[in-house]
């Protein structure tokens, strides 16, 4: 999972835990149609929980992956993991 974690937080274990507590693993090819790829790290990427769950069984494309990557990096900066404008992490 570390290779899917934003590099800006790799030196801080607490931020890594925080990141993964606020993300889902989104599958590029859905588990419902490609169960054999469920554990394949080449078939998944971290994504906001609401985004992942709203996609349901829809195959994901490069735009989805890039948008999630941008959001993941921004989330490590602004700590607003659900993008509601409210800080999700208290220090």
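Residues of region 26-39 being at pLDDT 95 or above, touching a strand residue (DSSP E or B) at 6+ places or on another chain (Cβ under 9 Å) and either crowded, with 18+ Cβ neighbours inside 10 Å or outside any helix (DSSP H, G or I) (or both), which ones? Matches in region 26-39: 26, 27, 28, 34. Checking the condition in contact (Cβ under 8 Å) with a residue 24 or more places away in the chain and closer than 22 Å to residue 79 by Cα, which residue from 46, 41, 13 passes? 46 is the lone residue from the list that is in contact (Cβ under 8 Å) with a residue 24 or more places away in the chain and closer than 22 Å to residue 79 by Cα. With the structure loaded, tell me whether residue 65 is at pLDDT 95 or above and in contact with a strand residue (DSSP E or B) (Cβ under 7 Å, 6 or more places away or on another chain) or whether it fails that test. In short, yes.
The values are calculated or read from the model by the stated rules, or taken from the named source; none is laboratory data. These figures come from a predicted structure and were not determined experimentally. Every residue, glycine among them, receives a Cβ derived from its backbone with ideal geometry; neighbour counts consider all protein chains shown.
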